[in-house]
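To start, the structure under review is shown below, and the notes come after it.
What follows draws every value from the coordinates through simple rules; no lab data is involved. Quick caveat, the model's predicted, so the values are computed rather than measured. Glycine also receives a Cβ, built like all others from the backbone with ideal geometry; neighbour counts cover every protein chain displayed.
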Amino acid sequence: MEKQRYYISTAIAYTSGKPHIGNTYEIVLADSIARFKRQQGYEVYFQTGTDEHGQKIELKSEEQGVTPKEFVDGVSTEIKRIWDLMNTSYDKFVRTTDAYHEAQVQKIFKKLYDQGDIYKGHYEGMYCTPCESFFTESQLVDGKCPDCGREVTPAKEEAYFFRMSKYAPRLIEYIKEHPEFIQPVSRKNEMMNNFLLPGLQDLCVSRTSFKWGIPVDFDPKHVVYVWLDALTNYITGIGYDCDGSSSEQFQQYWPADLHLIGKDIIRFHTIYWPIFLMALDLPLPKQVFGHPWLLQGDGKMSKSKGNVIYADDLADMFGVDAVRYFVLHEMPFDNDGVITWELMVERMNSELANTLGNLVNRTISMSNKYFDGVVCNKNITDAVDDDFKAVVTGTREKVAAKMEDLRVADALTEIFNLFHRCNKYIDETMPWALAKDEAKQDRLATVLYNLVEGICIGASLLESYMPETTERILGQLHAEKRNYEDLTTFGLYPSGSHVTDKPEILFQRLDMKEVLEKVEAMKMEDSSSEDAPAEDASVIDIEAKEEITFDDFEKMQFQVGEIIACEEVKKSRKLLCSQVKIGSTVKQIVSGIKGHYTAEEMVGKKVMVLVNLKPAKLAGVLSEGMLLCAEDADGNLALMKPEKEMPAGAEIC
């Protein structure tokens, strides 16, 4: 019998820079769904990729002195590296600069123009470059972009527009008739009440003020506006042809079963995209899920806040599967989740190292200690076994029900409930006590067999979320991953099998203090290597921070300091440790400037110091302040020094 097909896509990542862990969460979420559908027997097609056109890209490439294509080639490669690092099983990585995609976008634009859905006019309004969006004055929030909160600028230009209002009534009816189309329900209500029911404005679908985009072939001074370009990747990537010669793959997989996107772009995917599809006479995707954001402890991640966390840094610290577990488990269904280094350590130690890692290690160790690693089912049962087996064999259906509703965090919780039940089973049966009674050896063997069987089923279910961990667990048990249909049957582990004689530690417990010290050292090392514009060596524009009051400024104490001694920090590539004389006191200050100054060069310099910064350990070394530096467009640092000779301790005001 032919397998049922399932097409899942992520939003394509915008190539403006390296994705942080909040961006990376989406590809891991999609991967867990795709893997689970494959485990259920579906023939899955999983697509992701990069969105590579627009004014923001053009500006960034100019700042770096490269062509837009060179810029997006580099960023797209980095995004794909992160996706691969996180062990995601996508089937295709699309790029909107791919020739096949650009050709189809031009065809689509022409088709929509020829049938009267696109017309030429001009646009005058407030434009947000980061969001690539126009807004009316009434749509602004405190005079800024309603989506990202950044500054907007007045813009007026000739443009082509799509007649959104023509299809709006049809879309409203579709959403009413298909309540599952937009998930969660809160997103559906937002789209209906805030955008569709009040009335849709026609949408600008071309630009003339920049060149980095797909040209409108019949009017080449225009380039196709980013959303008409980007959204069509979901059909061009599987072989849609506007001329009517679409591929067999397109015929098999469209409409998509699930578009997985962030809640910030839900409007584009549930209003603009369905209307484009209606105009092309194509069926709509079955479901669009607008997932919440993964926030840092102090809010949305941004470089200006200095709170960005990257997936590769997390993976270096905790391992890929620990990061996958965290982002999947900590994200609620329709509320924002929170990630902090402290919470990562807590979850690592409690759930991963203790609940799961210790369970596997104890079970294998007891099998080796009592039976030389041989696991036999002697079928000596007790009443406690019934509940244990019921929990183990009942987990698959609980997980499947949660996954059907896209409640991935809850599905993962159900699997760890199984592991918790295994640990409870150890406490209930007390194998160490059974081992002391020769008459109870067969019962002991049965208990250990039951534990191994429970772990096999739990590990097989875990594969969609933590694939490497599943492989490592089953490898130690010398077991095969269970087929989906076998996950409700207890007792399939071959009696008489051997477990490994040397169990490995799946997850190492971490010391909170040591981790936080490494994080601070990492931040210090990274602070001097941020990308900076190189357009003009004499001036640099940086992203503005929030305004502060004079009271805020007065809290900071700046003084002139004299460096009287300096040495390299041995555990770090970039840190120097200086002894800085400030008045009659000496402070120890660690700075990430080894690549710009030698320890010998530092001695004797008069420098500007922030002296009342809360002390912190960097690479295990206490730092009691901060040296002020300037940074140019190439990342070169220069210590800030008083213009005239000033005594150590002089106040900077």
Checklist entry - Within the set Lys3/Lys481; Lys523/Lys605; Lys37/Lys424; Lys56/Lys188; Lys481/Lys502; Lys37/Lys481, which residue pairs have Cα atoms separated by over 22 Å? => result Lys523/Lys605; Lys37/Lys424; Lys56/Lys188
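Work out, step by step, the length gained on full extension between Lys369 and Thr488: first 0.36 nm times the residue separation, then minus their alpha carbon distance; give nm to one decimal.
Answer, rounded to one decimal: 39.9 nm.
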Checklist entry - Around Arg150, which amide H atoms from residues at least 5 apart in sequence, or from another chain, sit under 5 Å from its own amide H, with H modelled in the peptide plane? => result Cys145
Item to check | Packing-based ranking, highest mean first, of 636-646, 230-240 given that Cβ atoms within 10 Å are counted | outcome: 230-240, 636-646
Checklist entry - Length gain on complete extension for the stretch Glu62 to Glu124, per 0.36 nm per residue less the alpha carbon to alpha carbon distance? => result 19.8 nm
Item to check | Theoretical FRET efficiency, 1/(1+(r/R0)^6), r = Cβ-Cβ of Leu85 and Asp427, R0 45 Å, to 0.05 | outcome: 0.75
Checklist outcome for this item: With the 8 Å Cα cutoff and a minimum separation of six or more residues, the chain has a relative contact order in percent of 12
Item to check | Helical contribution to [θ] at 222 nm, DSSP H n ≥ 4, -39,500 (n - 2.57), averaged over the chain, rounded to 500 | outcome: -11500 deg cm²/dmol
Checklist outcome for this item: Output for the stretch 60-145: chymotrypsin sites (Phe, Trp or Tyr not before Pro) sitting in coil per DSSP, at most 13 other Cβ within 10 Å, listed by number, reads none
Item to check | Where only alpha carbons of the chain are counted, the Rg and the Dmax (Å) | outcome: 29.4, 90
Checklist entry - GluC sites (Glu not before Pro), restricted to the stretch 1-109: which are DSSP loop and have at most 11 other Cβ atoms within 10 Å? => result Glu2
Next on the checklist: Please report, ordered by residue number, every helix of the chain (full DSSP H runs) that is 20 Å or longer along its axis going by C-alpha atoms and whose mean Kyte-Doolittle hydropathy reaches 0.5.
Outcome noted: 441-462
Next on the checklist: Quick check: pseudo-label points 7 Å beyond the Cα along Cα→Cβ at Val384 and Glu404, how many nm apart are they?
Outcome noted: 3.4
Item to check | Over the stretch 340-498, relative contact order from alpha-carbon pairs under 8 Å, at least 6 apart, % | outcome: 31
Next on the checklist: Going 7 Å from the Cα of Arg362 along its beta-carbon direction, which residues of the stretch 463-494 have the amide nitrogen within less than 17 Å of the resulting point?
Outcome noted: none
Checklist entry - If the label point is 7 Å along Cα→Cβ of Lys156, which residues in the stretch 86-128 have backbone nitrogen under 13 Å from it? => result 122-126
Checklist entry - In whole Å, how far is the Cα centre of the stretch 116-141 from that of the stretch 440-458? => result 65
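What FRET efficiency comes out for Thr340 versus Gln201 if R0 is 35 angstrom and r is the Cβ-Cβ distance? Round to the nearest 0.05.
Rounded to the nearest 0.05, the efficiency is 0.30.
Report the full-extension gain for the segment Ser495 to Ala435: residue separation times 0.36 nm, less the Cα-Cα distance, to one decimal in nm. Write down the numbers at each step before the final one.
Values: separation 60, 0.36 × 60 = 21.60 nm, distance 1.94 nm.
Result: 19.7 nm gained on full extension.
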Checklist entry - Hey, rough spin-label estimate for Leu295 and Val141, points 7 angstrom out along Cα→Cβ, what's it come to in nanometres? => result 1.2
Next on the checklist: I want to check the label-to-label distance for Asn194 and Asp632. Put each point 7 Å from Cα in the C-beta direction and report it in nm to one decimal.
Outcome noted: 4.5
Checklist entry - Which trypsin sites (Lys or Arg not before Pro) does the stretch 409-457 hold that lie in a coil by DSSP with at most 12 other beta carbons within 10 Å? => result Lys436
